[in-house]
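Colleague: There's a structure below that I have some questions on.
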Amino acid sequence: MTHDLAEQTRNAFEFVEKLYFEVSYLIKEIEGLLAREEEQFQILKPSGYGVTTRNSVGLEPVNVEQWLTKNLTVFFCPEIDTETKGGQTITPIKTDLKVLFVHIRLIHKDINQPQIIFGVLENIKNKKEETKFEKLTFEFAYNIEKVLNNQPNIDFEDTYCSFKGKKKTEELFSLKNSDDVAEKVVVKLLEMYRRCTDE
């Protein structure tokens, strides 16, 4: 019995690790495809080359639930709108700033299988004195239910900031190869971005 539990534990960890690796490859695939576009989209780096997520190592029961990453987000914008310094990006908030986002929801009470939710943020306004978008990415970690509610479009506001946007959803496991990633995610992202830019 103890041997079975040990093997199940090992298998569970190996599965989760493989899932995270696949998600990282997916993000890098999207990053590579967007970088080839005429806008030369760059991945934003709020605190280095990574994902925005809510993690915790606290021992309180409410924090233990956050040990395992269930949601993660990355952001992109045209190279002309951002600057890299010391491994981080600085993306000034300006009137016409538009940011692409890719949010991966691995598990959630309202879904049967993992999803990828992606879209464009615009009309980004900061109510505090921060001047760069990277300072607002925490909203996707701590207020994701409000940001990505069940409405067809994004219309978010709190005491820190406000932004609007468009989004689409795909089943994560429907992306079986590079062609799927290009057709089901990147092409749709670009259509949303360019439509917003033309309006």
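The values are calculated or read from the model by the stated rules, or taken from the named source; none is laboratory data. No experiment lies behind these values; they were computed from the predicted model shown. Backbone-built Cβ (ideal geometry, glycine too); neighbour counts: all protein chains shown. What goes into the accessible areas is simple: the full protein's heavy atoms, side chains included, and nothing from ligands, DNA or RNA. Shrake-Rupley method; radii C 1.70, N 1.55, O 1.52, S 1.80 Å.
Colleague: Report yes if THR69 is among the hydroxyl-bearing types (Ser, Thr, Tyr), within 21 Å of GLU171 (Cβ to Cβ) and not in a strand (DSSP E or B), otherwise no.
Modeller: Values: among the hydroxyl-bearing types (Ser, Thr, Tyr): yes; within 21 Å of GLU171 (Cβ to Cβ): yes; not in a strand (DSSP E or B): yes.
When the stated conditions are applied, THR69 passes them.
Colleague: Any residue in segment 73-88 that is touching a His at 6+ places or on another chain (Cβ under 6 Å), open to solvent by less than 20 Å² (accessible area, probe 1.4 Å), closer than 20 Å to LEU190 by Cβ and of a type in the set (Ser, Thr, Tyr)? Even if it seems obvious, please write down each step before you answer.
Modeller: Of all residues in segment 73-88, those touching a His at 6+ places or on another chain (Cβ under 6 Å) come to 73.
If we keep only those that are open to solvent by less than 20 Å² (accessible area, probe 1.4 Å) too, we end up with 73.
Going one step further and asking which of them are closer than 20 Å to LEU190 by Cβ, we end up with 73.
Still in the running and of a type in the set (Ser, Thr, Tyr): 73.
Within segment 73-88 (the criterion being touching a His at 6+ places or on another chain (Cβ under 6 Å), open to solvent by less than 20 Å² (accessible area, probe 1.4 Å), closer than 20 Å to LEU190 by Cβ and of a type in the set (Ser, Thr, Tyr)), the answer is yes, since at least one residue qualifies.
Colleague: Show me the helices (runs of 4 or more DSSP H) entirely contained within segment 86-199 in which 1 or more residues are in contact with a Lys or Arg (Cβ under 7 Å, 6 or more places away or on another chain). So that I can check it myself, show each step before the final result.
Modeller: On the way: elements: 139-142, 144-147, 178-181, 187-198.
Per the criteria, 139-142, 187-198.
Colleague: Could you grab me the full set of residues in segment 55-72 that are closer than 24 Å to GLU130 by Cβ and either exposed (fewer than 15 other Cβ atoms within 10 Å of the Cβ) or in contact with a Pro (Cβ under 7 Å, 6 or more places away or on another chain) (or both)?
Modeller: Filtering segment 55-72 down to residues closer than 24 Å to GLU130 by Cβ leaves 55-56, 71-72.
Within segment 55-72, ASN55, SER56 meet the criteria.
Colleague: Additional query: Residue pairs, Cβ under 8 Å, 6 or more apart or interchain, first in segment 22-43 and touching a residue at least 24 places away in the same chain (Cβ under 8 Å) and polar (S, T, N, Q), second outside any helix (DSSP H, G or I) and open to solvent by 40 Å² or more (accessible area, probe 1.4 Å). List them.
Modeller: GLN42/THR84
Colleague: In addition: If you check ASP179, ASP158, ASP110, which single one turns out to be acidic (Asp, Glu), under 21 Å from PRO46 (Cα atoms) and more than 16 Å from the chain's Cα centre (by Cα)?
Modeller: Numbers: ASP179 fails: under 21 Å from PRO46 (Cα atoms); ASP110 fails: under 21 Å from PRO46 (Cα atoms).
That would be ASP158, the only listed residue that is acidic (Asp, Glu), under 21 Å from PRO46 (Cα atoms) and more than 16 Å from the chain's Cα centre (by Cα).
Colleague: Against the definition (within 30 Å of ASN112 (Cβ to Cβ), in contact with a helix residue (DSSP H, G or I) (Cβ under 8 Å, 6 or more places away or on another chain), at pLDDT 95 or above and of a type outside the set (Val, Ile, Thr)), how does GLU29 come out, yes or no?
Modeller: Numbers: within 30 Å of ASN112 (Cβ to Cβ): yes; in contact with a helix residue (DSSP H, G or I) (Cβ under 8 Å, 6 or more places away or on another chain): yes; at pLDDT 95 or above: yes; of a type outside the set (Val, Ile, Thr): yes.
For GLU29, the condition - within 30 Å of ASN112 (Cβ to Cβ), in contact with a helix residue (DSSP H, G or I) (Cβ under 8 Å, 6 or more places away or on another chain), at pLDDT 95 or above and of a type outside the set (Val, Ile, Thr) - is met.
Colleague: Would segment 36-52 turn up any residue that is outside any helix (DSSP H, G or I), of a type in the set (A, V, I, L, M) and open to solvent by 100 Å² or more (accessible area, probe 1.4 Å)? So that I can check it myself, show each step before the final result.
Modeller: Step one: list which residues in segment 36-52 are outside any helix (DSSP H, G or I), which gives 36-52.
Among the residues that remain, those that are also of a type in the set (A, V, I, L, M) are: 43-44, 51.
Applying the additional criterion that residues be open to solvent by 100 Å² or more (accessible area, probe 1.4 Å) yields none.
There is no residue in segment 36-52 that is outside any helix (DSSP H, G or I), of a type in the set (A, V, I, L, M) and open to solvent by 100 Å² or more (accessible area, probe 1.4 Å).
Colleague: Just one of LYS167, LYS176 is more than 17 Å from THR91 (Cα to Cα) and surrounded by 14 or more Cβ atoms within 10 Å (Cβ to Cβ); which is it?
Modeller: Numbers: LYS176 fails: surrounded by 14 or more Cβ atoms within 10 Å (Cβ to Cβ).
Selected residue: LYS167, the only one of LYS167, LYS176 that is more than 17 Å from THR91 (Cα to Cα) and surrounded by 14 or more Cβ atoms within 10 Å (Cβ to Cβ).
Colleague: Could you tell me which residue of segment 139-164 is surrounded by the fewest Cβ atoms within 10 Å (Cβ to Cβ), considering only residues that are over 15 Å from ILE104 (Cα atoms) and of a type in the set (Phe, Trp, Tyr)?
Modeller: Among those residues, the one meeting the criterion is TYR160.
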